[in-house]
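Below you'll find the structure, written out as structure tokens, and then a few comments.
The values are calculated or read from the model by the stated rules, or taken from the named source; none is laboratory data. Being a predicted model, the structure only gives us computed values, none of them experimental. Cβ sites come from the backbone with ideal geometry, for glycine too, and all protein chains shown count toward neighbours. Each accessible area value is taken on the protein alone, full model and side chains, heavy atoms only, with ligands, DNA and RNA left out. Shrake-Rupley method; radii C 1.70, N 1.55, O 1.52, S 1.80 Å.
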Amino acid sequence: FDNTQDAILLADDEARYVDANPAACALLGYSREELLRMTVWDVTPLPNGELGQELWRAFIAAGKQDGEYTLHRKDGTTVEADYRAVASIVPGLHLSVIRDITERKQREHEREAIIIVASALRTARTRADILPVVVDQLLNLLQAEGAALATQDPLSGETVFEVARGEFARGAYTRLPLGEGVGGQVISTGQAYLSNDIRSEPRFARPDLLGDIRALACVPLIVQGRTIGALLIGRKTQIASDDVRLLDAIADITANAIHRATLHEQTERNVQRLTALHTIDTTITASFDLRLTLNVLLDQVTTHLGVDAADVLLLHIPTQTLEYAAGHGFRTNAIARTRLRLNEGHAGRAALERRIVGIPNLPESGPAFVRAQLLAGENFIAYYGAPLIAKGQIKGVLELFHREPIHPDPEWLRFLETLAGQAAIAIDDAQLFDSLHRSHDELAMAYDATIEGWSRALDLRDKETEGHTQRVAELTLRLAREMGIDDAELVHIRRGALLHDIGKMGIPDSILLKPGPLSDEEWVIMKKHPAFAFDMLSPIAYLQRALDIPYCHHERWNGAGYPRGLKGEGIPLAARIFAVVDVYDALRSDRPYRPGWPDEKVREYIREQAGQHFDPQVVELFLTITATDETRGSTPS
């Protein structure tokens with residue numbers, strides 16, 4: 001009786017205690033003398049009065065009573081007990097054996113709480129889902145009047161209260177300097193904190209959030225040896241060490257859940273960002289349309305950096321100004337009027353200093369906010385400007401705008417730099433392409449001008465045919481279009497038409513300018529001019545596709561032409577078209593040895609030569625076109 005660790009109480013028929021062993025006195029906090037002046041109703045949860053007496057009589061009649069009860073201690077606290085009572089061990093004497101199961105019940109409570117938290121977290125898929133679930137569970141499981149979850153900003157080191165409930169709800173989104181406040185201290189040290197008199201704690205940063213709270217406990221969120229945040233609870237009543245132990249267990253589950261969710265979100269985000277970069281790369285590769293590329297880029301920027309609007313300003317080198325090129329997400333088009341000198345405004349500074357410029361509060365950034373009027377009504381708060389640099393040269397600035405504060409992590413900033421690099425590459429490629437295209441066009445124009453100069457020189461040399469080259473070139477192009485020849489080939493046909501008589505440069509003036517008919521010997525020399533043309537032009541790669549007309553325009557459909565005696569469709573189509581036009585213009589023109597023929601006579605001659613000199617299909621189409629011109633009263637040219 002004296003030495004057993006279980007508490008033993010003896011009571012009489014009136015429920016008065018008549019004896020108690022030392023373990024009972026220690027468990028309940030009373031002396032033996034005090035207990036002997038007490039009744040069962042003073043210690044157990046049995047109700048006092050008639051109902052309690054009735055229950056006591058029922059116990060005596062039943063002979064025993066087992067169960068788990070909450071017993072009252074002298075100091076006002078309670079103890080969870082396994083209560084086993086046996087009635088009438090001898091007449092009028094009843095035995096109660098009590099075993100303290102408070103610790104076991106606490107462990108069960110902790111286990112149940114952990115299961116509840118774990119089950120609740122199982123449905124939370126993202127970090128944003130996890131945080132409120134944890135804080136809500138803290139309020140319920142620890143009977144707290146206030147609960148919060150704080151994390152550390154990876155850039156600034158500030159303590160950020162991401163979620164707060166109950167009395168702490170007014171402190172949600174509060175940011176405190178590194179190490180300041182109880183939460184900051186716990187995050188910095190990694191040590192738990194408990195105070196049952198928080199009002200006397202000078203380190204509590206926001207006493208206005210306490211309300212009626214008197215006790216505060218805070219434990220760190222630690223994962224892989226690194227503190228990532230803290231859990232806080234506040235109560236009007238005292239917080240016991242057991243509560244802190246439970247809070248710490250929940251913190252461990254929470255830290256691992258946050259870590260897993262963060263890793264998962266980072267993986268998904270990295271995949272999405274790689275996909276975005278691939279989309280931009282594909283656009284750059286597939287198109288040299290800078291506006292299209294920038295629009296795709298800005299769509300990816302706003303989506304994957306989570307900002308409301310973005311634009312690209314290009315550097316206009318002659319004036320050294322940044323000018324709007326493309327934008328996405330703006331409410332108005334006013335931003336399109338942007339023109340900034342280097343070092344003017346935030347964008348100008350980003351370009352001049354070649355670094356990312358971040359402005360947490362754009363309206364309060366002072367004189368540097370030079371486009372306040374252009375951005376009126378946009379309600380932007382945060383701003384980031386990233387220089388676009390390609391091959392060491394500034395190409396422009398990528399600007400980001402957001403209508404709420406931005407708290408970027410290093411990964412966000414690295415991705416911004418990557419996107420800015422992609423934009424710079426796209427701009428550089430497009431500008432290089434435009435430059436090459438412009439150079440190509442200028443070179444082509446120079447070549448064509450040279451060819452036209454050659455044709456005019458030929459006309460000037462042969463006075464009787466002056467203007468002939470331009471006329472036949474224009475009519476040849478017209479006929480070629482009607483025959484369905486594409487534009488790319490028409491370019492070469494025009495060049496060939498302009499150079500059709502280039503071989504005559506090898507014909508002596510005595511033959512070329514002879515006023516009368518040529519002798520047989522002179523005709524032998526004259527018929528060499530197509531071969532002379534081939535020899536002159538074939539070494540020029542630029543003109544090789546234009547050789548058909550200069551080399552073959554004197555071939556005949558029936559094979560009687562020169563220089564090679566080609567026949568039918570063996571003659572290039574361009575030469576067959578030109579042959580009709582050349583003869584038509586020659587017969588209509590005056591010569592020293594004959595006047596020009598009337599149009600109807602020329603048309604009749606061409607009709608007669610179909611199938612002999614000329615391709616019948618070309619003749620048919622030519623006569624149709626020229627007949628239409630005559631009906632309209634215009635001269636074919």
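Mind checking the angle between helix 102-122 and the chain's longest principal axis? C-alpha axes, 0 to 90 degrees, to the nearest 10.
20
Pull up all non-local amide H partners of residue 146: gap of 5 or more, or a different chain, and H-to-H distance under 5 Å with H placed in the peptide plane.
The list, which skips near neighbours in sequence, is 167, 234.
Please sort by residue number the chymotrypsin sites (Phe, Trp or Tyr not before Pro) in the range 535-622 whose DSSP state is loop and whose Cβ has at most 16 other Cβ atoms within 10 Å.
Details: sites: 542, 551, 557, 578, 584, 593, 605, 614, 622; in loops: 557, 593.
Passing both the DSSP loop test and the Cβ count: 593.
Which distance in Å, rounded to a whole number, links the C-alpha centroids of the range 543-605 and the range 313-348?
60
So for the range 355-404, Kirkwood radius off the Cα pairs, Stokes-Einstein at 4 °C and 1.567 mPa s: how many µm² s⁻¹?
Translational diffusion coefficient: 110 µm²/s.
Using mean Cβ contacts within 10 Å as the protection proxy, how do 355-368, 221-234 order, highest first?
Taking the mean over residues of other Cβ atoms within 10 Å, the ranking is 221-234, 355-368.
Label points 7 Å out from Cα along the Cβ direction at residue 320 and residue 600: separation in nm?
My value for the distance between the label points is 7.6 nm.
Take each of the peptides 495-501, 166-172, average the number of other beta-carbon atoms within 10 Å over its residues, and list them starting from the highest. Walk me through the numbers before you get to the answer.
On the way: 495-501: 27.3, 166-172: 18.4.
The packing order, highest mean first, is 495-501, 166-172.
In Å and whole numbers, how far do the C-alpha atoms of the range 176-215 stretch along each principal axis, longest first?
Extents along the principal axes, in whole Å: 27, 19, 12.
Measure off 7 Å from each Cα along the Cα-to-Cβ vector at residue 510 and residue 212, then give the distance between these two points in nanometres to one decimal.
13.0
Loop-only check: which GluC sites (Glu not before Pro) in the range 8-113 are DSSP coil with at most 11 other Cβ within 10 angstrom?
14
Mean residue ellipticity at 222 nm from the helices of the chain, using -39,500 (n - 2.57) per DSSP H segment of n ≥ 4 over the full residue count, to the nearest 500 deg cm²/dmol?
-15000 deg cm²/dmol, from helical runs alone.
For the range 318-348, list residues with backbone N below 13 Å from a point placed 7 Å from the Cα of residue 153 toward its Cβ?
none
Can you tell me which lysines have their Cα less than 30 Å from the Cα of residue 74? Leave out same-chain residues fewer than eight positions away.
Partners found: 64, 105, 236.
Could you give me the ³J(HN,Hα) list for the range 506-518, computed from phi with Karplus coefficients 6.51, -1.76, 1.60 and θ = phi - 60°, whole Hz, x at Gly and Pro?
x, 8, x, 4, 4, 8, 4, 9, 4, x, x, x, 8
In a Debye calculation with equal point scatterers on the alpha-carbon sites of the range 280-421 and no solvent, what is log10 I(q)/I(0) at q = 0.09, 0.10, 0.13, 0.19 Å⁻¹?
At q = 0.09, 0.10, 0.13, 0.19 Å⁻¹ the computed log10 ratios are -0.24, -0.29, -0.51, -1.17.
Taking the full set of protein chains and a 1.4 angstrom probe, give the accessible area of residue 445 in square angstrom, rounded to the nearest 10.
The value for residue 445 is about 130 Å².
Kirkwood hydrodynamic radius of the range 201-319 from all distinct Cα pairs, in Å? Could the numbers behind the result be given before it?
Numbers: mean 1/r = 0.0520 Å⁻¹.
Over the range 201-319, the inverse of the mean reciprocal pair distance is 19.2 Å.
If Rh is defined by the Kirkwood formula over all Cα pairs and Rg also comes from Cα, what ratio Rg/Rh do you get for the range 27-132?
Values: Rg = 20.1 Å, Rh = 16.8 Å.
Using Cα coordinates only, the ratio equals 1.20.
Output the direction-averaged projected area (hull surface divided by four) of the convex hull of the alpha-carbon atoms of the range 381-458, in nm².
Taking the Cα atoms of the range 381-458, their convex hull projects to 7.3 nm² on average.
Taking H as built 1.01 Å from N, whose amide H comes closer than 5 Å to the amide H of residue 589, not counting residues under 5 places away?
597
What number comes out for the charge environment of residue 15, summing +1 per Lys or Arg and -1 per Asp or Glu over other residues with Cβ under 12 Å away? Intermediate results must be reported in sequence, preceding the final value.
On the way: positive: 16, 57; negative: 12, 13, 14, 42, 54.
Neighbour charge sum, excluding residue 15 itself: -3.
What is the distance, in nm, between label points placed 7 Å from the Cα along the Cα-to-Cβ direction at residue 334 and at residue 170?
Distance between the two pseudo-spin positions: 3.7 nm.
Probe radius 1.4 Å, ligands and nucleic acids left out: which of 25, 218 has the largest accessible area, and how do the rest follow?
25, 218
Taking the Cα centre of the chain as the origin, how large is its charge dipole in debye, to the nearest 20, when only Lys and Arg (+1) and Asp and Glu (-1) carry charge on their Cβ atoms?
Values: 68 positive and 90 negative charges, 238 e Å.
That gives the chain a dipole magnitude of about 1140 debye.
Hey, how much of the P(r) for the chain falls beyond 49 Å, as a percent of Cα pairs?
Numbers: 110745 of 202566 pairs.
Across the chain, Cα pairs with separations above 49 Å total 55 percent.
Out of the range 104-142, which trypsin sites (Lys or Arg not before Pro) are coil in DSSP terms and have no more than 12 other C-beta atoms within 10 Å?
Filter output for the range 104-142: 125.
Find how much the distance from residue 4 to residue 78 grows on full extension, using 0.36 nm per residue of separation minus their present alpha carbon separation; answer in nm with one decimal.
Working: separation 74, 0.36 × 74 = 26.64 nm, distance 2.16 nm.
Difference between extended and current length: 24.5 nm.
Once the other residues with Cβ under 11 Å from the Cβ of residue 57 are scored (Lys, Arg +1; Asp, Glu -1), what is the net sum? Before the final figure, lay out each step's value.
Working: positive: none; negative: 13, 14, 50, 54.
Its environment carries a net charge of -4.
Over the heavy atoms of residue 438, what accessible area does a 1.4 Å probe trace out, to the nearest 10 Å²?
Only protein atoms counted, so the area is about 130 Å².
For the Cα atoms of the chain, what angle does the longest principal axis make with the long axis of helix 241-286, in degrees from 0 to 90, nearest 10?
The angle comes out at about 0 degrees.
For the range 498-608, what D do you get in µm² per second when you plug the Kirkwood radius from alpha-carbon pairs into Stokes-Einstein at 25 °C and 0.890 mPa s? Can you show the working numbers first?
Values: Rh = 15.0 Å.
It comes out at roughly 163 µm²/s.
Assuming R0 = 56 Å, can you tell me the calculated FRET efficiency for the pair residue 433 and residue 124, based on Cβ-Cβ distance, to the nearest 0.05?
Result of the calculation: an efficiency of 0.65.
How are the C-alpha pair distances of the range 119-242 spread across 5 Å bins, as whole percents from the shortest bin up?
2, 12, 22, 26, 22, 11, 4, 1
If we count every other residue with Cβ under 14 angstrom of residue 251's Cβ, Lys/Arg +1 and Asp/Glu -1, where does the sum land?
Values: positive: 226, 245; negative: 110, 243, 248, 252.
Counting the neighbours of residue 251, the net charge comes to -2.
Please compute the per residue accessible area over the chain with all protein chains in place, 1.4 Å probe, rounded to a whole number of Å². Can you show the working numbers first?
Working: 31630 Å² over 637 residues.
That works out to 50 Å² for each residue.
Gain in length, residue 545 to residue 444, computed as 0.36 nm per residue apart minus the alpha-carbon separation, to one decimal in nm? Mind dumping the intermediate values first?
Details: separation 101, 0.36 × 101 = 36.36 nm, distance 1.43 nm.
Length gained between residue 545 and residue 444: 34.9 nm.
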